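Structure first, commentary second.
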Amino acid sequence: MSTDMMSKETRDADLGAPVLKIEKLCTWFDTREGTARAVDGVDLELYEGEILGLVGESGSGKSVTGYSVMGLIDPPGRIAGGRILLDGRDLTRLSEEEHRRVRGKDIAMIFQDPSMTLNPTLRIETQMIEAVRAHEACSTAQARRRAKDALDMVGIPSPEERLRAYPFELSGGMRQRVAIAIALLNKPRLIIADEPTTALDVSIQSQIIYELQTLCRETGTAMIWVTHDLAVVAGMADRLAVMYAGRIVEVGTTKEVIEQPGHPYTRGLMGSVPMHETRGRRLARIPGATPSLLHLPQGCSFRERCALADKACTRMPELAQHHQAQSIRCWHPGETDR
Amino acid sequence: MTQTPHLALVPGTAPAAAPAPETPVILEIEGLTKSFISTPGLGGHIANLFGAGIKRQEVRAVSGVDLSVKTGEIVGIVGESGCGKSTVARMLAGISNPTGGEIRYRGKARSKMTRAEREDFALSIQMIFQDPYASLNPRMRVRDIIGEAAVVHGYVTRAEMPAYVEDLMTRVGLAPDMADRFPHQFSGGQRQRIGIARALALKPDVLICDESVAALDVSIQAQVLNLFMDLRDSLGLTYLFISHNLGVVEHISDRVVIMYLGRVVESAPTEELYARPHHPYTRLLMDHLPTLSVERRTHRPIAGDLPSPLDPPPGCPFNPRCPLATDRCRSERPALREVTPGHISACHFDDTSSAEIR
Ligand SMILES: Nc1ncnc2c1ncn2[C@@H]1O[C@H](COP(=O)(O)OP(=O)(O)O)[C@@H](O)[C@H]1O
Ligand SMILES: Nc1ncnc2c1ncn2[C@@H]1O[C@H](COP(=O)(O)OP(=O)(O)O)[C@@H](O)[C@H]1O
Ligand code: SF4
Ligand SMILES: [Mg+2]
Ligand SMILES: [Mg+2]
């Protein structure tokens, strides 16, 4: 029985306890102009070995969601509410020191720009050995072997040579693969990949996706893959969550969301992807631009760009079950344009 | 007004018309070549003092590229980074001089143009860059960014300029009342429109789009791609559309050129190329075509990395990564030849369709 045929309840029973459970997370930024609710009541769950695609336009709150899980929110940002449970333990209650022990060990993040991970002044091996020994007492030789294995795992040719290199001696694609290898070093429970392949060539992108996908399946590591491009995650993620202005507006199995998208925003995103079927035609456009978080319309945040909006939409819709594992935050889910 | 206003032109849904076969060729390049001399650099000089013997090396960024583009045609250029796409674009736009080969514009060779003709030619070809922010002067108002060059080159007088800019802004879907603002007050998609309006101000015949939509969100990318298609229909523009995104190129191009290590390895009308890719490199690239299919993709990576152009492999440039490579491929470079009418490919295999690439 395939996952998408099961109801929500049987899924939970089948998969055991979630690795990650985010409940009503609110991450707000207090700015001079007002409070930007970058993440505003987000619920997400992730099971062992599962890949969740987190999709939305820039500014929708995807990275802030990831940083919140990582404990990387600095003032003027703050966790204003909610819980982030990693294997049942609430990360929002950890001290900075406790968080540091979780980061790089139980959860790892891969950033769009590998220089967020790599120190330009240190050799790759120095950084990787440190990353192992920060969380585990072992010899330098053991740590080095782990580092080499991790480079092997992400398909880096002649890892021995790369270990001795400085980051600037590597190409962009190679640096990103090293950053990924560092994320894998301590066999984390959860990886947050924040648009890690956006700047890379398609062939390298595919290779990285392939390797991470295989890794999750084999080791049971759960992964959140953040992207603005549905085409990147359609063939990879088990489930998709679509984010708009700090909220999840649609979530479901990849099959449900791609084959029967219910939120007008999800449908707009799908219509924007250029591909074979759209050849020579105009792409469907989502009118307007992402609204400022400080000036969201009352009710549904998508209202001013939505072709279906009516009087009902001036009240905020709840994220409600639409079909088996699929939930949608919309007063007119699944309706086509009037 | 904070929203992107809608484009005045109504987006049609009918497939855009590719130019008819008898349409004149507007731009032609023949044997276009560009070499860079890489000098050892400071570190190298110091190493040389200790006898390292690092020499000046020649980088062949582009080697003998032929291409002909018809009026109103959209030609896509695809290839991994470093294969020479931007170098070709810069030579066409007159930003960099070729080391060899010839560029012909409306039948006239660039090397035979008078200075005035060459300037006209340079204005007829405009480039749209990837990063709209880096290419806009942050201290200039949008009106001047768009209109200044048009005044300098005598397309309009200074007095006519504001109205001229307003018209251009409307054309690219920017509200004209934003002309007094500075670039940082615009979103990424709007800044890309400013770059397009600035290019259009010089009444070009050809737009070279070098990864022009790569940095944009898919939703904004869709708006800009639609704009390019509308402008072709309304102004009869010709495009060279450079991208590493095969989906974007398939969507917009009439014809596609695949480059590898400074050379063209395959070219065909878009539908033909995507339906019947011939070159093993193209066929591997096609595996990575973006789709919205939920079928699990087993991403079969292209083995190995792009070789350095400093040290290109002998024989076929693709041979170290090619699953079909034979001894012949390792010693003799295949020439481009026509496999079916209008479809050229550079591979020793006469019929790769029967040879399974696995
Ligand atoms: N340091 C900050 N100060 C103020 N606002 C911020 C800060 N970081 C993020 N934000 C707000 O959070 C929103 C979401 O940002 P982000 O999560 O980076 O979006 P995404 O990753 O989806 O593109 C932004 O639009 C911005 O308003
Ligand atoms: N100014 C330059 N000096 C030396 N090498 C260069 C220069 N510009 C480009 N190259 C080299 O030429 C090759 C082609 O580069 P480019 O045209 O930018 O490729 P693409 O646009 O396809 O990514 C690369 O190997 C690059 O390193
Ligand atoms: S709630 Fe209304 S405005 Fe919001 S997406 Fe649904 S139909 Fe559109
Ligand atoms: Mg982000
Ligand atoms: Mg380039």
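Points to keep in mind about this one:
- Near B:Arg198: Cβ cut-off under 13 Å, other residues only, Lys/Arg at +1 and Asp/Glu at -1. The net charge is +4.
- For the cross-link pairs A:Lys21/A:Lys105; B:Lys112/B:Lys203; A:Lys62/A:Lys105; B:Lys34/B:Lys112; A:Lys148/B:Lys85; B:Lys34/B:Lys70, the ones whose C-alpha atoms lie over 30 Å apart are A:Lys148/B:Lys85.
- Summed residue charge, Cβ within 14 Å of B:Leu136's Cβ, Lys/Arg positive, Asp/Glu negative: +4
- B/A buried area, accessible surface, summed, 1.4 Å probe, Å²: 4400 Å²
- Per-residue [θ]222 nm for the protein assembly as shown (sum of -39500 (n - 2.57) over DSSP H runs n ≥ 4, rounded to 500): -8500 deg cm²/dmol
- Rounded to whole Hz, the Karplus (6.51, -1.76, 1.60) HN-Hα couplings of region A:186-202, x for glycine and proline: 9, 6, x, 6, 9, 10, 10, 9, 9, 6, x, 10, 4, 8, 9, 5, 3
- Region A:234-323: radius of gyration over Cα atoms, expressed as a fraction of 2.2 N^0.38 Å: 1.15
- In a fully extended conformation the segment linking A:Glu335 and A:Glu33 would gain 105.0 nm over its present Cα-Cα distance, using 0.36 nm per residue.
- Sulfur and carbon atoms: percent of accessible area, chain A [1.4 Å]: 50 percent
- For the protein assembly as shown, the extents of the C-alpha atoms along the principal axes are 75, 67, 54 Å, listed from largest to smallest.
- Between A:Ile248 and A:Asp43, the built amide H atoms are under 5 Å apart, and every one of these is 5 or more places off in sequence or on another chain.
- Of the chymotrypsin sites (Phe, Trp or Tyr not before Pro) in region A:243-338, not one is in a loop by DSSP (not H, G, I, E or B) with at most 14 other beta carbons within 10 Å.
- Under the Karplus curve 6.51 cos²θ - 1.76 cosθ + 1.60, θ = phi - 60°, whole-Hz ³J(HN,Hα) for region B:152-166, x wherever Gly or Pro sits: 4, 8, x, 6, 9, 7, 4, 5, 7, 4, x, 5, 4, 5, 4
- Region A:249-338: relative contact order in percent, alpha carbon pairs under 8 Å with at least 6 residues between: 37 percent
- For B:Tyr260, the residues 5 or more places off, or on other chains, whose built amide H falls under 5 Å of its own are B:Val265.
- Among B:Phe241, B:Phe121, B:Phe36: highest mean-square fluctuation, GNM of chain B, C-alpha pairs under 10 Å: B:Phe36
- Counting Lys and Arg as +1 and Asp and Glu as -1 over every other residue whose Cβ lies under 11 Å from the Cβ of B:Gln185, the net charge comes to +2.
- Region A:137-201 - percent relative contact order, Cα under 8 Å, separation 6 or more: 37 percent
- Here the spin labels are modelled as points 7 Å beyond Cα on the Cα-Cβ line, and at B:Arg56 and B:Thr340 they lie 4.8 nm apart.
- Å² per residue, accessible surface of region B:131-193 at 1.4 Å: 48 Å²
- When chain A is treated as a Gaussian network with alpha carbon springs shorter than 10 Å, the biggest mean-square fluctuation among A:Thr126, A:Thr221, A:Thr27 belongs to A:Thr126.
- Prolate/oblate/rounded call for region A:108-227, Cα gyration tensor, a/c under 1.5 rounded: oblate
- Using θ = phi - 60° and Karplus 6.51 cos²θ - 1.76 cosθ + 1.60, couplings along region A:251-260 (whole Hz; Gly, Pro as x): 9, x, 5, 4, 4, 4, 5, 7, 8, 9
- For region B:109-257, carbon and sulfur atoms together expose 49% of the accessible surface, with a 1.4 angstrom probe and every protein chain in place.
- Built amide H within the under 5 Å cut-off of B:Gly76, gap 5+: B:Phe241, B:Asp254, B:Arg255, B:Val256, B:Val257
- Solvent-accessible surface of region A:83-230, taken per residue with a 1.4 Å probe and all protein chains present: 42 Å².
- Cα-based Rg / Dmax (Å) for region A:124-183: 10.6, 32
- Distance from region B:77-111 to region A:255-286 (C-alpha centre basis), Å: 36 Å
- Cross-link reach is defined here as a Cα-Cα straight distance under 18 Å, omitting same-chain residues fewer than 8 places apart; for A:Lys255 the lysines meeting it are A:Lys8.
- Spatial separation of Cα centroids for region A:300-338 and region B:197-274, in angstrom: 35 Å
- For chain A, built as a Gaussian network whose Cα springs stay under 10 Å, the top-fluctuating residue of A:Ala141, A:Ala307, A:Ala237: A:Ala141
- Relative contact order, percent, chain A [alpha-carbon distance under 8 Å, six or more residues apart]: 21 percent
The values are calculated or read from the model by the stated rules, or taken from the named source; none is laboratory data. Model, not experiment: these values are computed from the prediction. Counting neighbours? That spans all protein chains shown, and the Cβs are built from the backbone with ideal geometry, glycine included. Surface areas here come from the heavy atoms of the whole protein model, side chains and all, with no ligands, DNA or RNA. Shrake-Rupley method; radii C 1.70, N 1.55, O 1.52, S 1.80 Å.
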